[in-house]
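Right, one structure below, let's go through it.
The values are calculated or read from the model by the stated rules, or taken from the named source; none is laboratory data. Because the structure is a prediction, the values reported are computed rather than measured. Cβ: placed from backbone, ideal geometry, glycine included. Neighbour counts: every protein chain shown.
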Amino acid sequence: MNNLLKNVGIWLVIALVVLTVVKQFDARPGTKDAVPYSEFMEQAKQQGKVVKIPLLSAMRKQPASFFIIIGLYLGANVATYTVLTYAIAYGTVHAHVDKSVLLIASMAAAAVALFTVPLAAKFGDKKGYLSVFAFGAVVAIAMAFPFFWCLDSGNTLLIILATLVVLAVGAVSMVSVQQPIFTELFDTEFRYSGAGFAYGLGAMLGGLSPFISTYLTDFGGGTSTYPALYMAGAGTVTLLTALAVRRRIKGIHQRDAAPVGDASKVR
């Protein structure tokens, strides 16, 4: 238990350092003079901004956005699948934790998420969704090793608390605000087709996480080191991707303003 507390303390310090990265994100632009969505779409049609096959146009004009969304979605996806799916297999086989404990932890996280989802959305509206998204990625990174330490300890309370932090705080902070980020990576004429397809690709790749973690566990001789590294690495990819594209996302508001009005003002 002393070693566990020591390790958790070290990672909390690391988390506080990494958390400063969130300050690299500025608040989202204002949305003055909101335009009704029907009027916005009518303007788009009149100016030829509505295409016949949106998905193909998105692939041809903005292929990089598909890879960006996959990178942004990786952290939440891997964290969620690791805790909800892989942790049950690892916990029962390697950590000798009763399956009911892990199921109770998952249900508790779902219950807490009923409150953290609207809370994350509220902060997204006030502080900007990129800040909330980055915070979630930092939590996923910081909790990668502590989650497995708590799992290995066999302590029911620690397992439930770790699950709550990863799912109801880290993953929720990302998934609650990710949709406006994803859609803004595409031009208005194929925004939802591109974002929806890219989201599906990201979900498909993230669904492989339990298989990858199982292989990494066997590779590491039954320890949780490599699955934890995988979870932390996925969160790092997501955080770095968000940092790399934050200016691009915010610049879309100005870019869209020229042809059909500011898309950020649509209500």
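At a glance:
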{"item": "Filter pass, Ala171 being crowded, with 19+ Cβ neighbours inside 10 Å and under 18 Å from Ala234 (Cβ atoms)", "result": "yes"}
{"item": "Selection within the range 181-205 - within 25 Å of Thr82 (Cα to Cα) and under 16 Å from the mean Cα position of the chain (by Cα)", "result": "Ile181, Phe182, Ala195, Gly196, Ala198, Tyr199, Gly200, Leu201, Gly202, Ala203, Met204, Leu205"}
{"item": "Residue selected from the range 57-83 under the condition farther than 18 Å from Val245 by Cβ and under 15 Å from the mean Cα position of the chain (by Cα), by the criterion surrounded by the fewest Cβ atoms within 10 Å (Cβ to Cβ)", "result": "Thr80"}
{"item": "Qualifying residue in the range 21-35 (condition: within 28 Å of Gly128 (Cα to Cα), assigned to a helix (DSSP H, G or I) and at pLDDT 90 or above)", "result": "no"}
{"item": "Yes/no for Gly124 being within 21 Å of Gly206 (Cα to Cα) and surrounded by 19 or more Cβ atoms within 10 Å (Cβ to Cβ)", "result": "no"}
{"item": "Filtered residues of the range 183-217 (kept if out of contact with any Leu (no Cβ under 9 Å at 6 or more places or on another chain) and either of a type in the set (A, V, I, L, M) or on the phi > 0 side of the Ramachandran plot (or both))", "result": "Leu201, Ala203, Met204, Leu208, Ile212"}
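To keep it simple, each residue is scored yes or no on (1) of a type outside the set (A, V, I, L, M, F, W, C); (2) free of Cβ contacts under 8 Å to residues at least 12 places away in the same chain.
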{"position": "Ala95", "(1), (2)": "no, no"}
{"position": "Ala113", "(1), (2)": "no, no"}
{"position": "Leu119", "(1), (2)": "no, yes"}
{"position": "Lys127", "(1), (2)": "yes, no"}
{"position": "Gly136", "(1), (2)": "yes, no"}
{"position": "Ile141", "(1), (2)": "no, no"}
